[in-house]
């Protein structure tokens, strides 16, 4: 059954083109089999907390990593991060922040808020796929996930 | 007999004349200075005023100053309280006073006066109190106005500074939001054109792939441009940090960051010992990477590439040099070199959005330093920047 299959990546990204590029990069390097993509912060929390649109989901089935864009509609990425970190069932999931903003304050917040990693989305597609590949390789294959 | 009487008479009249002259002089000087003299005789309770005192009070010569109560009544209530206390203290204890008070003249106008009083003692007893009173309205009002202006100026400066800081913050945020919003479509342009070239590679001819490459190259250029604009905006709006920077290590690190690994063996890189200095290390790294990156660009394709980094120290500054033996530029264009977006070479030969040197200049100037460049056949091209020496 589909519900048995563990979700590798929850991708929280509002830009459909960025989402497509990200998913393709993971596909290209066969790093992840099951990617769930949500396009705003509220849906991300709905998914993670198995509520609203996703109320049928098993909350114990957690994605292996969360890729989180910061500039999201409805709820800002950092807010989502805070919620994840303060929810017992979710707080151990590695969160990687994927954004264009090099702003220092974001950086600090990102690390303070408990993000595991903070990566800038490069414009150059090759660099982008390299970043994704390194990410995926580390977090999905190398790293001991809880 | 008569001549002696005459002599005495002329002596007396001379003395009289002199005395009159002195009186006139005194009175005139009192008038000019708006200062009047007064005296209180404890024995007779009489008060004597010089003419200027009458004028200050705005009363005519018919006014009798003998009543202390009346005289004091002219003062504004708070002032009257003060002068009464001071005067009584003088009379009882011999303490002098010097006060600036408000007086309401007979015509109703309020003026500022400065009044001083001192006692005269004879045989250990206080016999008289005398002093002066001076109209200081002009000076006092100017003083008060100045203080008021200063205070309101300070408030205005604080308000403007706060506004400026807020505007700067917003600009920084604005620049970032713009960069963010501009970069997203660029990622799509670069990404999708490359995706097409990759995924449809078997069915695309070389020309098609070339054109797709042009698309993504231009996206990359635009990306650099946007990054530079954001960097330059940030430099103007953030407070530079201050830490000791190991310049030699920094230059070396930036060299390795900037130069593609494949090119490193082709370049003879000479890094001389250069002094440490104080400043913002994040910004200074940008200075090095921009200057080194230029040196790399402009020696590209040469059979024998040299990049040298050295420094000179004077009493007041540390000057760092980046020299390359490359293409160089027309010395006539030096002034334009560090301007935003100026470029001196044909686009196809040398990449770069032209903002690198502008960033260098902005950062160096923010640190109180200067930038410059020289170009000669013998030495090649030298870019330098100077930083003021911190006082030891």
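Does the stretch B:49-56 contain at least one residue that is assigned to a helix (DSSP H, G or I) and exposed (fewer than 14 other Cβ atoms within 10 Å of the Cβ)? Yes, the stretch B:49-56 contains a residue that is assigned to a helix (DSSP H, G or I) and exposed (fewer than 14 other Cβ atoms within 10 Å of the Cβ). Within the set A:134, A:126, the sole residue that is modelled with pLDDT under 80, surrounded by fewer than 20 Cβ atoms within 10 Å (Cβ to Cβ), part of a helix (DSSP H, G or I) and within 14 Å of chain B (Cβ to nearest Cβ) turns out to be A:126.
Residue selection: residue B:140 fails the criterion of being within 14 Å of chain A (Cβ to nearest Cβ) and either part of a helix (DSSP H, G or I) or more than 27 Å from residue B:359 (Cβ to Cβ) (or both).
Of all the residues in the stretch A:6-28, those that are within 18 Å of residue A:139 (Cα to Cα) and surrounded by fewer than 16 Cβ atoms within 10 Å (Cβ to Cβ) number 3. Take residue A:50 and tell me if it is more than 14 Å from chain B (Cβ to nearest Cβ), modelled with pLDDT of 85 or more and part of a helix (DSSP H, G or I). Judged against the criteria, residue A:50 is not a match. Do we have residue B:152 as farther than 30 Å from residue B:35 by Cβ and more than 10 Å from chain A (Cβ to nearest Cβ) here? So residue B:152 fits the description; yes. Scanning the stretch B:199-221 for residues that are more than 14 Å from every other protein chain (Cβ to nearest Cβ) and part of a helix (DSSP H, G or I) turns up B:202, B:203, B:206, B:207, B:208, B:209, B:210, B:211, B:214. Return yes or no: is residue B:240 touching a residue at least 40 places away in the same chain (Cβ under 8 Å), within 14 Å of another protein chain (Cβ to nearest Cβ) and outside any helix (DSSP H, G or I)? Criteria met by residue B:240. Filtering the stretch B:101-138 down to residues that are more than 19 Å from residue B:74 (Cβ to Cβ) and touching a residue at least 60 places away in the same chain (Cβ under 8 Å), which residue is surrounded by the most Cβ atoms within 10 Å (Cβ to Cβ)? Looking at residues that are more than 19 Å from residue B:74 (Cβ to Cβ) and touching a residue at least 60 places away in the same chain (Cβ under 8 Å), I get B:128.
To keep it simple, each residue is scored yes or no on (1) within 30 Å of residue B:303 (Cα to Cα); (2) assigned to a helix (DSSP H, G or I); (3) in contact (Cβ under 8 Å) with a residue 12 or more places away in the chain; (4) within 14 Å of chain A (Cβ to nearest Cβ).
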position	(1), (2), (3), (4)
B:197	no, yes, yes, yes
B:223	no, yes, yes, yes
B:233	no, yes, yes, yes
B:236	no, yes, yes, no
B:248	yes, yes, yes, no
B:257	yes, yes, yes, no
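For the stretch A:54-73, which residues satisfy the criterion of being assigned to a loop (DSSP other than H, G, I, E, B), more than 14 Å from chain B (Cβ to nearest Cβ) and in contact with a strand residue (DSSP E or B) (Cβ under 6 Å, 6 or more places away or on another chain)? Once the filter is applied, which keeps residues that are assigned to a loop (DSSP other than H, G, I, E, B), more than 14 Å from chain B (Cβ to nearest Cβ) and in contact with a strand residue (DSSP E or B) (Cβ under 6 Å, 6 or more places away or on another chain), the stretch A:54-73 yields only A:63. When restricted to residues that are more than 36 Å from the chain's Cα centre (by Cα) and part of a strand (DSSP E or B), the stretch B:293-318 contains 4. Looking only at the stretch B:312-339, residues that are in contact with a helix residue (DSSP H, G or I) (Cβ under 8 Å, 6 or more places away or on another chain), closer than 17 Å to residue B:363 by Cβ and modelled with pLDDT of 90 or more come to 2 in all.
Residues that are crowded, with 16+ Cβ neighbours inside 10 Å and under 35 Å from the mean Cα position of the chain (by Cα) within the stretch B:319-334 comprise B:319, B:320, B:321, B:322, listed in sequence order. If you go through the stretch B:159-184 and pick out every residue that is more than 8 Å from chain A (Cβ to nearest Cβ) and either under 30 Å from residue A:28 (Cα atoms) or modelled with pLDDT of 85 or more (or both), you end up with 2.
Each row is one residue, and each column tells you yes or no for (1) surrounded by fewer than 19 Cβ atoms within 10 Å (Cβ to Cβ); (2) at pLDDT 85 or above; (3) in contact with a strand residue (DSSP E or B) (Cβ under 8 Å, 6 or more places away or on another chain).
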residue: B:344; (1), (2), (3): yes, no, no
residue: B:356; (1), (2), (3): no, no, no
residue: B:363; (1), (2), (3): no, yes, no
residue: B:371; (1), (2), (3): no, yes, yes
residue: B:382; (1), (2), (3): yes, yes, yes
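For the stretch B:12-34, the condition holds for at least one residue, the condition being that it is surrounded by 10 or more Cβ atoms within 10 Å (Cβ to Cβ) and either assigned to a loop (DSSP other than H, G, I, E, B) or on the phi > 0 side of the Ramachandran plot (or both).
Of the set (1) out of contact with any strand residue (DSSP E or B) (no Cβ under 8 Å at 6 or more places or on another chain); (2) within 30 Å of residue B:42 (Cβ to Cβ); (3) at pLDDT 90 or above, all apply to residue B:117 but (1).
The values are calculated or read from the model by the stated rules, or taken from the named source; none is laboratory data. Everything numeric here is computed off the predicted structure, so don't read it as measured data. When we count neighbours, we look across all protein chains shown, and the Cβ atoms used for this are built from the backbone with ideal geometry, even at glycine.
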